[in-house]
Structures are given as C-alpha cells and as structure tokens.
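The structure appears below as structure tokens.
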Amino acid sequence: MADSSTSMRLRLPLLCIILEVILIILFGALVEYDHDTDPKLWNKNRTSATNDYENEFYYRYPSFQDVHVMIFVGFGFLMTFLQRYGFSSVGFNFLIAAFSLQWATLMQGFFHGMHNGKIHVGVESMINADFCTGAVLISFGAVLGKTSPVQLLVMAIFEVTLFAVNEFILLSILGANDAGGSMTIHTFGAYFGLMVTRVLYRPNLSKSQHRNSSVYHSDLFAMIGTIYLWMFWPSFNSAITQHGDPQHRTAMNTYYSLAACTLSTFAFSALVNPEGKLDMVHIQNAALAGGVAVGTAGEMMLTPFGSMIVGFIAGTISVLGYKYLTPVLESKLKIQDTCGIHNLHGMPGILGAVVGAVTAALASPEVYGNGLQRVFGDVETGQWKPESKGGFQAISLAVTLGMALFGGLVTGFILKLPIYGAPPDTHCFEDGLYWEVPGEEEGHSELHEVATPNEVEKLNS
Amino acid sequence: MADSSTSMRLRLPLLCIILEVILIILFGALVEYDHDTDPKLWNKNRTSATNDYENEFYYRYPSFQDVHVMIFVGFGFLMTFLQRYGFSSVGFNFLIAAFSLQWATLMQGFFHGMHNGKIHVGVESMINADFCTGAVLISFGAVLGKTSPVQLLVMAIFEVTLFAVNEFILLSILGANDAGGSMTIHTFGAYFGLMVTRVLYRPNLSKSQHRNSSVYHSDLFAMIGTIYLWMFWPSFNSAITQHGDPQHRTAMNTYYSLAACTLSTFAFSALVNPEGKLDMVHIQNAALAGGVAVGTAGEMMLTPFGSMIVGFIAGTISVLGYKYLTPVLESKLKIQDTCGIHNLHGMPGILGAVVGAVTAALASPEVYGNGLQRVFGDVETGQWKPESKGGFQAISLAVTLGMALFGGLVTGFILKLPIYGAPPDTHCFEDGLYWEVPGEEEGHSELHEVATPNEVEKLNS
Amino acid sequence: MADSSTSMRLRLPLLCIILEVILIILFGALVEYDHDTDPKLWNKNRTSATNDYENEFYYRYPSFQDVHVMIFVGFGFLMTFLQRYGFSSVGFNFLIAAFSLQWATLMQGFFHGMHNGKIHVGVESMINADFCTGAVLISFGAVLGKTSPVQLLVMAIFEVTLFAVNEFILLSILGANDAGGSMTIHTFGAYFGLMVTRVLYRPNLSKSQHRNSSVYHSDLFAMIGTIYLWMFWPSFNSAITQHGDPQHRTAMNTYYSLAACTLSTFAFSALVNPEGKLDMVHIQNAALAGGVAVGTAGEMMLTPFGSMIVGFIAGTISVLGYKYLTPVLESKLKIQDTCGIHNLHGMPGILGAVVGAVTAALASPEVYGNGLQRVFGDVETGQWKPESKGGFQAISLAVTLGMALFGGLVTGFILKLPIYGAPPDTHCFEDGLYWEVPGEEEGHSELHEVATPNEVEKLNS
C-alpha cells in the first residue's frame, strides 16, 4: 500500500538529522545561560540574604509547564479527532513542536536582542519558544491529514522565522501589547496556515473524504486536548506578563472569558442543529475561542465583565463560523481547513486584536494608577497617549495579517514542490502511509488498515 | 430516533443565553478586582523594593490549576466509564462547571462579605468557585445518564446557591474548619445529589440497563479521571489553607491518606469478589475516598500516621459500600446512584467531618505552638477551647446534612417538572439523544447509535 | 477461565493489608513533620515579617506535582500499549506506586539520617519517595504482563530497600551528584528489572505472543503517558537540585536534551524500517531517552549545546536498541523485556552517568563562580578536585550496576517461588486473569474476554 513517492525512508531521517545538526552548531556558537540560569552571574554577590525566590524560575516555571502541556497534549490530542490519523496528529505535533521550539529560540533570540553576540536563554525564552511553536501548530491544523512530516518541518522552518520577524515588528518597533498572542500567535498562525492550505488545494480530496471524520473514541481523545487547552489558557495568556498584578489579572480575565465562551458555544451548537443536537466539533473548538479573544487585552483593565462579553461573542462567532463559513471557504475560496482554524484562531484572533486596541485606547492613569507603566511600558517617555497606543495596536493587526498571508503564500508554493512525499488524494487522513499501524482488535488487523466503507461492506456480506 | 420531548433545539440555547446574560449583568454591577489583581491597589506604594512574590498569585495559582484539572478532567473523565455516555459525561461536566464557577463567584462573594457593595475577585475566589463547582459535579454523578443538560443547569442554579448559604453558616457563623471541604463540598454534594436522584426515581430504568455499564476502553478513559483526581487531591485540600506550614502539611497528609487508601481499596476489591478479581468500579472510585476523608483534618496535626489510618478506613468503607450498600439503596430506598457518589463522597465525607471534629477537639497550644491560631483562627479571642471547637465541627456536619437533604428534596421536585426534556426510560445513558454521534468504525456507524443487544444479535445473524 | 493457582482472592488482600498495617505502625513510631510542615517549628519565631514564601513548599511543590504526574499518569499510561493489559498496566502501576512511596519514605528516611530517632518528612521526602517509586516502575516495565500483583508488591519491597542502600552509598558515602537519577533511578531500576525478568525467563511465552502487541487505540493511550513524561521531565531532573540557578538550569538543559532527542528518534525510527515507516514503540519510548541521559549532568554547566548533543545520541542509541539489541537480548540472553526498558532507561542511564562524570571532571571555579559549591557541595573542605569528583561519579555507576544486578538476581529467585499466583504462559498479557473485564462493545462482551485469534476466526466463519 505504500506509494513509493510517499516513502520517508531517506527524506525524513536526512531532514531531521541535518536540521538537528545545524541547530546544535548554532546553539554551540550563539546560546548562553542568562542571568538567572548561570551560576557565576546568579551567585555573583551571594550573601546569606540572597533571595533565591526572586529567580525568574519561581515566577514563571509553573506557567511554562502549563503552556508546555497545551503545546504537546493540548494541540496534539485536539487533532486526534480523525478516525485514522491519531498517530500522525499526536506524533507529528510532537515532532514539529520539538523542532520549532529549538529553531524559535534562535530566531527570537536573534531578533529580540543579542547580548555581546550571544542569545541568552532562561524560562522566558522557553515560554516564548513554546508560544512561537503554538503558531506553527495552528497552521498544522489547517493542513492536517494532507501533508507529509517532511512538508510540515519545512513549513515550520519558514513560519518560525517569519513569526520572529512579525513579533519583532509588533513588540519592538510598534511597541504593541500582545502578551497572550491574539495577534502574534493566533492571527498569524491561522492566516499563514489558511494561505498554505489554499495554495495546496486538492480538487480531488473527496477521494479521502470518508476518512475525514471522527469515530466515537477519537472524539473522546480529542476532548483530552480541548479540556487541557481550556484549563491552562489562563496560564498561557499570563505567562510572560509582568510580575504581580498583571500576571494575576490576566489569568483571571482569561478564566472568565472561557467560562462565558463555553455557555455560548453550547447554546449556538444546539441552536444551529436541525434536531437541536450538540456537535462535538463545536465543543472541541469553539469553546476555546474565549481564550484567543482575550490574548491581547487580558493583561489590561478589561474587567471580568468585559472578559465575559468578549468570551461570549467569541464562542458565538466561532460556532457560526464552523456551521456557515467553513463550507463556503472550501467551496468558494478553495480553502480546505481540516480543523477549522479560521473559526478557532482566525476570527477570534482578530476579535482579540480589536478588543486589545479598544481597551488600550481607553487606558488612563486614573484606572491603572502606578500600574500603568507596568502594563503599557512606554508611559514614562511622556509620548504615551491612549489613543495613539490604540492606533499602534490596530496597525499591528494589519501588519500581522499582511505578514501571515504573504508568508503563507510563499511557503505554500515551496511546499508544492513534488519532493516532500506528500500523500496522494486517495490516502489523505491515513496513518498507514507513515506509521506501522496495528489493527483495532485481535484477528481483525488486516481489515482496518486500508479498507474503505465499501470494502468493509463487501467483506461483511 | 430523537423523541421530540427531549429536543433541546430551543430550551438549551435559551437557558444558556439567558443565564450568561444575567451573569454578565451581575458581574458588571457587582464584581471588582481585589487588592492583588487591581493595578492601582497593588502598585499603590510601589518602590523598587516592592515584592511581587508576595502577590497571592504565587502562593495559590499552582494549586488553583491543579484544582481546575480535577474539576474539568478529573470529574469529567471519571464519568466517561459508561459505554455510550462519554460525550455527555465530559461535555455536560464542562458546561455545568463553566456555568457554576461564574454563579458561585457571585453567590460566595455575596455571602462571604461584600466590600462597599462590591465582590472582590482574585485567585482565592477562583479556587472557591471551583470548589463549589465540585459539589455540583458530585451531585451530577448521582443523576448521570438520567437527566438532560437543561435539568443539570437548573440543578446547578439551586445547588450553588445553597452551597454558598451552607458554607457561610459553617465558616462564618459556626467558625468551622473545612479547608478541603469534607463537609461543605463532599457531604453536601453527595446528599444533595442522592436526594435529587431519589425524587427523580425511575421505576423502569431497567429498560436502559444494558447501557448502564462500561466497555474496555471507556474504563481506561475513566482511569484518566481517577488518576488526576488522586494525584492533585493534595493540592485540592491545601489550596485555601493559610500560607506556609498549613498548606505544606495539608498537602502531605492528603498524600499519605490517599496512598494508604489505595492499598485498602485493592485489598477489599479482590476480597469481596467470588473469584478474587479486581473491579474497575472500586479502583476508579474508592481509591479516592482517602482524599475526601482528610478534607477537614488535613490542615491539622493529623500526622502522617493518622492520615494513613483514615485513608485505610475510607478505602475500606467505600469498597464495601459499592459492593453491599449501593444495591440496597437502590432496591429498598429507591436511590439510583449512577456513579456511587454515596460511597466516594457521602460516607467518606461524613468520616472526614468526624475525623475533623475529633482532631480539632484534641488540639492544644503544646502541639501547635504559635501556629495554633493560624489553623484555628479564633484563638486570640480567649474564648477558644478545643472541646467547643470540636463541638462546632460536629454541629457543622449536622447542618450540612440537613441543608443538603432539604435542598435536594426541593430541587428534585423542581427538576421533575416535565419541561426540561428529560430522557425517556428507554434512552437513558445514551449520548445519541443530545449529540451528533459518529459510529465506532467506518461503515458501522448506523449500527451502534441506538441498537440494544437484542437488535445487535438480530443484525449479526 | 480463572486458573485457581492465579486466584488473588486471599493472597492479594492479605498482602496489601499486612503491608499497610506494618507501614502505619512504623509511621506512627518513626515519622514526624519536618521544620517546614510542623506548626510549632515553622512559627517559632514568627513576627509580622515572617516570610512564608521561604517555606520549602513554594520552591518544590509545583515540581513535586509534575513528578507525581509522571509516576502515576506517565508510567501508568505508557504501559497501556498492550491490547489486553490496560487495566493491569495503569492499575498495578497505581498499586505498587502507592505502596512504594510509603515504604520509600521509611527506607530513605532511615538511610538519609534520622533526627533523634525520627524520620522528618516534607515536600523533599515526598519527591524522593516518588523518585524511588520511579525505579520500581521501570523494573515493572521489564516484567509487564508476566507477573501477578502479589509478585510486583514483593519485588517493590526488595527493590525499594536496595534503592535506598544504593542511594545512600552514592550520595552520602561517595558524595556523587545525581539529582535527576541517571544512576540511582534509571540505571538501577533498569538493570534490577532486567535481572528479575532474566531469572523469571519463560521459554513458552510464545503461547501468549498474540497478546504481546498493541492495537490502534491502546497506542494512543500509551502516547498520553509518553507525552506527560516528556513534558514534565524538566521538573523531574530539577525537583531536588538547589534553589535558584541550579533548579532553573537543570530544567532548561533537560528541555533542550529532550527536544533534540525527539528529532533523532523520528529520524532513526524511519531509517531502520524497510518501508520508512515510523514505529510507535520508538516514538513512545526512545523520545524520552534524552531526559534520562541528562539526569546527572543536568544541574551542571552542560550548556544547551551539550544537552542537545547528549539528547541526540540518547535517542539514537535507544531506537537502535529497540531494533537490533532487544531481539538479541531475548534470543541469546533469555531476557524478555516487555517494554524495552534497556533501551529507554538502561543504556541512556549509563550514558547519563558517563556524561555526568565527564562534566563533573571538567568543572572549575572559573566557570561556576560562587555557584560551584552549590552544585558540587563539598568544595569548601579544600579536598575537592574536579578529576577526583569525576572519578567518584564513575565509581558510583559501577556500584549501581553491581547493586542492581545482584539485587535483581536475589529478588528474581524469591519471585520464582510458586506461591504468588503468577500467570500461566498461556495467559500472560491478559487483564482477564486479575480483573472483571467488560467487553469492547454491546453484545460482544463474551467474545473478547478470552478468545485467541484462532477462536475469533472460527467464530467469524
């Protein structure tokens, strides 16, 4: 059954080994421990009163681990909903995340400021690298089932690089706020991925359509991913905000946004179904849109009230997107979006950017007190004005959309070259191409590997 | 197959939207950031020496996240053991938890003390809201498979409200200790739920009995819930104790209690089986009773020794309850307790309350030193006596039982109104009523949705 | 189907109860709260300025919980890959871990220094007990499917005891560094388990060979275990290092090692397969070898660069071990290693010990500054020299191997006594011996419980 053109015998190993060797060489040349991880620097003026609890580790490591769970379990299992693509979903997620976080450390370190020609690493760089990885995994969701691991690694190389450039423009040049990544992570990852899948459009994907759906157990595996993403999103949005009240407030705003989002998701999922039945696709995905939509404004004085309104709207547009927009995108715009990332990350990401711009434009010293500068950073220069701040936030969204669409276009064409072992139209959404796949049950293994429904029927009769 | 009377097309969306709108309005009117989440308050006297690590966030957020995992993954997956109710178990758990935590924030804030007419929120209110949600999910376990999501939301409205009243009486009026909620959460949630399921008694539930059991994979999914509850219970019991030694000690006492409980669970599970085989129902549930049973005394000087004795007893009575008491409750008292919450939360909760009363009555300044007041709060008034403290603990248990049984009774009758789309006796424990359900395998989907064993037999022949 | 000789009706309950009663008595006689968990000691000099955040709890509890997840979810689910042994994998893992952590608290407390005849417990002892439990679970992996729970408990009694002795020799007598347990946990657990399975060699295991493999869903359950182990390994290796920079650095080194290891695992898994397909066995196991291999050197100045090299090598040798060495070990040395622990813990553990010895031998005050003593402890005595330090690390590896092999040999012969209800050769890897097992689907339950492929074939025809 293995089509020789999809064989990864040499291509995948060679690419993995070459990439890792390059990473190791660059790390050897460029990467150093930062102040909080280097024994010499951290213990320089050590006295008996040295306060180890001030090490950045204790402020951020629990959040880092939550983010880490979202990246590897959250994204990985969320995509196991397909009936015959569980190994690839969780496995390729694992592979491209492990690569991306290394590559992101270098790219982000390069753009965010070198120290005497060296990139300094610590728990903050680990969180940032995981964030960048998140964008790649979002894009993965659009092309899920239709791309080989070699293609995915190549996509990650380009996407991580562009992510770092876009992040640099937003945070360092435009001075934008985006602690939870409504723009840098979700909007960027979504539109990049949508453009890639547009370029890789398969007119004959219907040949694999019978595998492009869930079975009962695969939907339960996917719920593991959903619930972990939902629970730890407060940690995601607050992971790199300032210590103290901003980190605390961001986590809480996200918590309320997600709770409200869950209720609107259930409401609209039942409402748009002719029989009033809930759809697992909505619950698995739309209930998370509330986390995306407060990614920018979460650290601001959005208030629980505001967070709940935003979450409620996010859940609503996400469900409606799955129901009404996704089919149109596929039939009219030829965008085959396997996981519906436009509904989970695209539209809610834009909503988050807009909410962030408005909330920033409404900021004032009266509301934030001495905490103003700790959220908006550049207050002391005297040039800071809420309105211009809001304006720069809006510009940041436009830049992000431009970078994502352009980057996705170029990357899509690169991925179209017939050298990466892409699966044929007849074998999309099929683990058997890339994995040694055991059967479902004793004595039945042969049956399930490649059989289509028709074949099963024949065998059963 | 959808019985029109169970259709949720309008009822569920309307209820969700109305509830969320009410919540948003109340949050807008009543909820404010607390001292540790408000930028103005937290940074009021900010100097270079301001210690952000003293923000409550760093003391409690890791525990909060563990509790959060217990609520959404722990309870959610624990209930996926039913063969055809996995979507509903984890999905409705998700829905009613997301609602309850918002409603609980308001109710608890209202009863625990307003600040100039405002409810202050921060990580402690988040933990408390999750705790209250836990009680609702315990009750959910009793009625699992026999109630529509509309009924569950209505139940949550009443249960959360009564929970807050009971908690207020115990903690604020009686001055009881109950950091891990043996009384407020477990005893209350269990007897409330048992009374509700008693009122909703279905004499013809046997028509759905073939679906009221597990299959191999569903038991493995349930073990995900069990293990997460077990691992994070130390965080649950210690999440809102005082900083420092009480939080540390509570986590450790719970750890030892659970370890001992696991051994007695395995022992008695094999012992009560005619063939000496272990029963997954016991392992999934009884092994957790040790966490319930030290919910009150965990912060006290129970010692690892005492914790292990309590855990051992809890596991024993829980297994014996599943084996000998549950069938009697159903046949004699007409209490149909799907998950056996009486064995996991009811009896161990009462045990925990008794252990707490005894341990409090044995407290003394000799044992606790300066730490006495930090556990028992009201020492300095001079009126504090160990015996009276123990007495108030015992009274608290009685109050809790009364509130739970009365509340469950009233709520049960409210839920009996024929307006919530409750499932018919023939379709209990069946996801297909509420969800778009895919099949188990390609080409087999039609078969599994509603077929009874007899039908399957016919189809197979 | 239950062979009377395997019945656990009395043996398992009696052993569990006797063990727990002994544990409780010993805890009552010997165990006390430590400085940070005792209210009298912690609050002794309490003033308004007392800093609760200096309680060890806040430095280590988040790491403890991550380790706890690795022990119960990580190890437990990793072993669910077998098609008919999921209950036993996660269930027996649960049982022997719950026992081992109690027994380890006593054994480690005894060897690591009593305080006036008492063992002091707190979060550090909890982490250490979980670590020791990890070694037992590694050994469990070698005998998985071929041993009764009674045998496993007996194995745990001996292994925990020897673990504590070996740990005492390494850390207290030889002054070795081994914070993440490359030697004490992984090398010890692996070679102990390999020797046990060698002694328990079953020449007729082929009679159960059809059950000694995975099915599609069981591989996904196993991936839950893999991913959790992978994500939380940074917490594992850093959990008991010194506060501040060592804890921070260890977590980061482990993170990079694992990322590099994942790429080499995917590369070599595809390379050694004739069709270039990935093997779930490799992904589930070899991708973790990078965590094992930096268990000793992780806290040292290994640098991200060095960590990635070590991780890359660890993944490579682990995959090659699964492919080429495991079959030889079985056919030539009669070592039936169910989970391939030699490839995941054995060889990478030795690699980790060697890397640790080399990195220690290269240490210098120039590189570590004032932090030198905080990593290598005994610097101030003036006797410390990098080379001798490296030498003692190497000696520690030899001692560990000797202790493990000798201990495994003795324990293996004890486990060979025909009194523990070991499964017959025809019913290895079969839950049905120990558990009440439901069927896979409605109406099919009878079929799956004991049917062999041949029987299934007959039934189907």
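All of the numbers you see were taken from the coordinates with simple rules; none came from a lab. All values reported here derive from a predicted model rather than from experimental measurement. So basically every Cβ, Gly included, is an ideal-geometry build from the backbone, and we count neighbours across all protein chains shown.
Using every pair of distinct Cα positions in the range C:230-332, the Kirkwood expression returns a hydrodynamic radius of 13.8 angstrom. Take every Cα pair under 8 Å whose residues are at least 6 apart in sequence, average their separation, divide by the length of chain B, and the relative contact order is 22 percent. Averaged over the residues of C:19-25, the number of partner chain Cβ atoms lying within 10 Å of the residue Cβ comes to 6. Take every DSSP beta bridge whose two residues both sit in the protein assembly as shown; close to 35 percent of them are antiparallel.
A Stokes-Einstein calculation at 25 °C with viscosity 0.890 mPa s, built on the Kirkwood radius of the protein assembly as shown over Cα pairs, returns a diffusion coefficient of 78 µm²/s. For the range A:422-433, 3J(HN,Hα) computed residue by residue from phi via the Karplus equation (6.51, -1.76, 1.60; θ = phi - 60°) reads 5, x, x, 4, 7, 10, 6, 6, 9, 4, x, 5 Hz, glycine and proline entered as x. May I ask you to derive the FRET efficiency for A:ASP378 and A:SER206 from their Cβ-Cβ distance with R0 = 51 Å, giving the value to the nearest 0.05? Computed FRET efficiency for A:ASP378 and A:SER206: 0.45.
Each principal axis of the Cα cloud of the range A:360-416 was taken in turn, and the coordinate range along them, longest first, works out to 54, 18, 18 Å. The per residue volume of the convex hull around the alpha-carbon atoms of the range C:121-277 is 161 Å³. When the GluC sites (Glu not before Pro) in the range B:1-104 are filtered for DSSP coil states and for at most 11 other beta-carbon atoms within 10 Å of their beta-carbon, no site remains.
Closest approach of any chain B Cβ to the axis that rotates B onto A belongs to B:PRO62, 3, distance given in whole Å. Annotation for C:THR47 and C:VAL21: the two label points, set 7 Å from Cα along the Cα-Cβ direction, are 5.3 nm apart. If we count every other residue with Cβ under 15 angstrom of C:GLY225's Cβ, Lys/Arg +1 and Asp/Glu -1, where does the sum land? After counting each charged neighbour, the total is -2. Cross-link list A:LYS389/B:LYS44; A:LYS385/B:LYS44; B:LYS118/B:LYS146; A:LYS207/C:LYS323: which exceed 29 angstrom alpha carbon to alpha carbon? The answer is B:LYS118/B:LYS146; A:LYS207/C:LYS323. Each principal axis of the range C:181-246 carries a Cα extent, and these read 54, 32, 9 Å when sorted largest first. Evaluating 6.51 cos²θ - 1.76 cosθ + 1.60 at θ = phi - 60° for every residue in the range B:392-401, the Karplus couplings come out as 5, 4, 5, 4, 4, 4, 4, 4, 4, 4 Hz, glycine and proline recorded as x.
For the segment B:70-79, counting C-beta atoms of other chains within 10 Å of every residue's C-beta and taking the mean gives 2.
Stokes-Einstein diffusion for the range B:50-189 at 25 °C, viscosity 0.890 mPa s, with a Kirkwood radius from C-alpha pairs, works out to 156 µm²/s. Within the shell of other residues whose beta carbon sits under 14 angstrom from the beta carbon of A:VAL67, the net charge comes to -3, with Lys and Arg scored +1 and Asp and Glu -1.
For the peptide A:121-130, the mean number of other protein chain Cβ atoms found within 10 angstrom of a residue's Cβ is 3. Distances between placed amide hydrogens fall under 5 Å for B:VAL31 paired with B:ILE119, all partners being 5 or more residues away or on another chain. One compactness figure for the range C:9-55 is 1.96, namely its Cα radius of gyration divided by 2.2 N^0.38 Å.
If you take the alpha carbon atoms of chain C and fit the smallest convex hull around them, that volume is 159 Å³ per residue. Helical content of chain B, expressed as a calculated mean residue ellipticity at 222 nm, amounts to -19000 deg cm²/dmol (DSSP H runs of 4 or more residues, -39,500 (n - 2.57) each, divided by residue number, nearest 500). For the range B:238-282, the fraction of alpha-carbon pairs lying more than 18 Å apart is 48 percent, rounded to a whole number. 3J(HN,Hα) along the range A:402-414, derived from phi through the Karplus expression 6.51 cos²θ - 1.76 cosθ + 1.60 where θ = phi - 60°, amounts to x, 4, 5, 5, 5, x, x, 4, 4, 4, x, 5, 4 Hz, with x in place of Gly and Pro. Looking at the range B:327-368, what % of the alpha carbon pairs are farther apart than 12 Å? Value for the range B:327-368 (Cα pairs over 12 Å): 68 percent.
Taking a sphere under 15 Å around the Cβ of B:TYR33 and counting the other residues whose Cβ falls inside, with K and R at +1 and D and E at -1, yields a net charge of -4.
Cβ-Cβ distance of B:ASN116 and C:PHE110, R₀ of 56 Å, FRET efficiency by 1/(1 + (r/R0)^6): the value works out to about 0.45.
Under the criterion of Cα pairs below 8 Å and six or more residues apart, the relative contact order for the range B:360-414 equals 39 percent.
The alpha carbon centroids of the range A:251-327 and the range C:170-245 are separated by 41 Å. Considering the range C:3-101 at the alpha-carbon level, its Rg and Dmax are found to be 20.0, 67 Å. Per residue, the convex hull around the alpha carbon atoms of the range A:175-214 comes to 70 Å³.
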